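Trainee: The structure's right below; bear with me while I get my questions together.
The values are calculated or read from the model by the stated rules, or taken from the named source; none is laboratory data. Because the structure is a prediction, the values reported are computed rather than measured. Note: ideal-geometry Cβ built from the backbone for every residue, glycine included; neighbour counts use all protein chains shown.
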């Protein structure tokens, strides 16, 4: 039997293993994601709630441990010890949060596959199917945490130098602080653009890790290829979903913390009293945000699974035409003959 030329030649699909990108519109990704989330909402929301509780605990713990020492050190310009401890704590807790989200997200991927196939969404089955996920993602996450360590540590160390310089030379204090803020803003904008690109191109990372059992770096490359031609659509979905959920999260947090009232900055008891007074509001706001994350975390993972399923759907080869493979055959004369009759 005659075989077609290599992929990418003469009009053959350049990525025959990838499904068509044309059908992956904003409404499709969001609509299918919401529909699948509704069908498996109970266990998926439970996993999202667990991630939210961990993130809330991290926020409350960091605030309780470092708010007072940082304010005291800032007032006395003795920031070195506090900044080192804060940098290490932020890096460690960030890594912990990532790992928890990776495990929960991989389980959501399997729950999505179950409900899409008409099977019941069982947490026990998802837990068994995702054994080894943390091992596969650990090295990339450790490298990312090292990047966080360098970034946070560098900014805080630079901040210490700026504060010390401003206090030493009061005539140039305003220009020194302004330069720091402008450079910090520029760096933040660059980081935001790079982060948006990587977030869109690595959108299918967890589905690849969970369903293909691919190692972390292989999954990153596979996700990069899967999101080709749909990166802008994915970015739009992430942007709109993120903005809406952030607004809802802020409103829920403020509403939950409003009954506590008070102005922490107006206390006459010093910095420690100010922190103690504001800690309940921070804790209530963070815990209230877990309700939003119970929906936000699984929704984003389900939508990434929708994109993964669409892009990995097998593509049927072109039909044999009257002059060979395809309507016009290979080349001007359609040099590939039709298959022999069966």
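Trainee: Against the definition (surrounded by fewer than 21 Cβ atoms within 10 Å (Cβ to Cβ) and without any contact (Cβ under 8 Å) to a residue 60 or more places away in the chain), how does residue 54 come out, yes or no?
Mentor: Values: surrounded by fewer than 21 Cβ atoms within 10 Å (Cβ to Cβ): yes; without any contact (Cβ under 8 Å) to a residue 60 or more places away in the chain: yes.
Considered against the rule, which asks whether it is surrounded by fewer than 21 Cβ atoms within 10 Å (Cβ to Cβ) and without any contact (Cβ under 8 Å) to a residue 60 or more places away in the chain, residue 54 comes out as yes.
Trainee: Would you confirm whether any residue within the range 176-188 is surrounded by fewer than 13 Cβ atoms within 10 Å (Cβ to Cβ) and closer than 30 Å to residue 209 by Cβ?
Mentor: There is at least one residue in the range 176-188 that is surrounded by fewer than 13 Cβ atoms within 10 Å (Cβ to Cβ) and closer than 30 Å to residue 209 by Cβ.
Yes or no, residue by residue, for (1) more than 17 Å from the chain's Cα centre (by Cα); (2) within 27 Å of residue 37 (Cα to Cα):
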{"position": "102", "(1), (2)": "no, yes"}
{"position": "107", "(1), (2)": "no, yes"}
{"position": "115", "(1), (2)": "yes, yes"}
{"position": "119", "(1), (2)": "yes, yes"}
{"position": "158", "(1), (2)": "yes, no"}
{"position": "183", "(1), (2)": "yes, no"}
{"position": "204", "(1), (2)": "no, yes"}
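Trainee: Can I ask one more? Has the range 144-164 got at least one residue that is in contact with a helix residue (DSSP H, G or I) (Cβ under 9 Å, 6 or more places away or on another chain) and under 15 Å from residue 105 (Cα atoms)?
Mentor: no
Trainee: Further, regarding this structure: Let me confirm something: among 119, 131, 136, which residue is more than 16 Å from residue 300 (Cβ to Cβ), in contact with a helix residue (DSSP H, G or I) (Cβ under 9 Å, 6 or more places away or on another chain) and not in a helix (DSSP H, G or I)? Working first, answer last.
Mentor: Working: 131 fails: in contact with a helix residue (DSSP H, G or I) (Cβ under 9 Å, 6 or more places away or on another chain); 136 fails: not in a helix (DSSP H, G or I).
Testing whether each residue is more than 16 Å from residue 300 (Cβ to Cβ), in contact with a helix residue (DSSP H, G or I) (Cβ under 9 Å, 6 or more places away or on another chain) and not in a helix (DSSP H, G or I) leaves just 119.
Trainee: Another question about this same structure. All but one of (1) surrounded by fewer than 21 Cβ atoms within 10 Å (Cβ to Cβ); (2) out of contact with any helix residue (DSSP H, G or I) (no Cβ under 6 Å at 6 or more places or on another chain); (3) within 24 Å of residue 34 (Cα to Cα) hold for residue 225; which doesn't?
Mentor: Exception for residue 225: condition (3).
Trainee: Kindly establish whether residue 194 is out of contact with any strand residue (DSSP E or B) (no Cβ under 8 Å at 6 or more places or on another chain), at pLDDT 90 or above and closer than 26 Å to residue 111 by Cβ.
Mentor: On the way: out of contact with any strand residue (DSSP E or B) (no Cβ under 8 Å at 6 or more places or on another chain): yes; at pLDDT 90 or above: yes; closer than 26 Å to residue 111 by Cβ: no.
No: the conditions fail for residue 194.
Trainee: Pick out the one residue from 292, 306, 240 that is modelled with pLDDT of 65 or more, under 30 Å from residue 208 (Cβ atoms) and either over 30 Å from the mean Cα position of the chain (by Cα) or surrounded by fewer than 13 Cβ atoms within 10 Å (Cβ to Cβ) (or both). If you could, list the steps in order and put the result at the bottom.
Mentor: Numbers: 292 fails: either over 30 Å from the mean Cα position of the chain (by Cα) or surrounded by fewer than 13 Cβ atoms within 10 Å (Cβ to Cβ) (or both); 306 fails: either over 30 Å from the mean Cα position of the chain (by Cα) or surrounded by fewer than 13 Cβ atoms within 10 Å (Cβ to Cβ) (or both).
Only one candidate passes the filter, namely 240.
Trainee: Find all pairs meeting these conditions: Cβ atoms under 9 angstrom apart; at least six residues apart or on different chains; first residue within the range 164-177 and touching a residue at least 40 places away in the same chain (Cβ under 8 Å); second residue assigned to a helix (DSSP H, G or I) and surrounded by 15 or more Cβ atoms within 10 Å (Cβ to Cβ).
Mentor: Pairs that qualify, where the first residue is touching a residue at least 40 places away in the same chain (Cβ under 8 Å) and the partner is assigned to a helix (DSSP H, G or I) and surrounded by 15 or more Cβ atoms within 10 Å (Cβ to Cβ), are 167/173.
Trainee: If you don't mind, another one. Do we find that residue 84 is over 30 Å from residue 67 (Cα atoms) and in a helix (DSSP H, G or I) in this structure? Please lay out each step first, then the result.
Mentor: Numbers: over 30 Å from residue 67 (Cα atoms): no; in a helix (DSSP H, G or I): yes.
Spelling it out, it is not the case that residue 84 is over 30 Å from residue 67 (Cα atoms) and in a helix (DSSP H, G or I).
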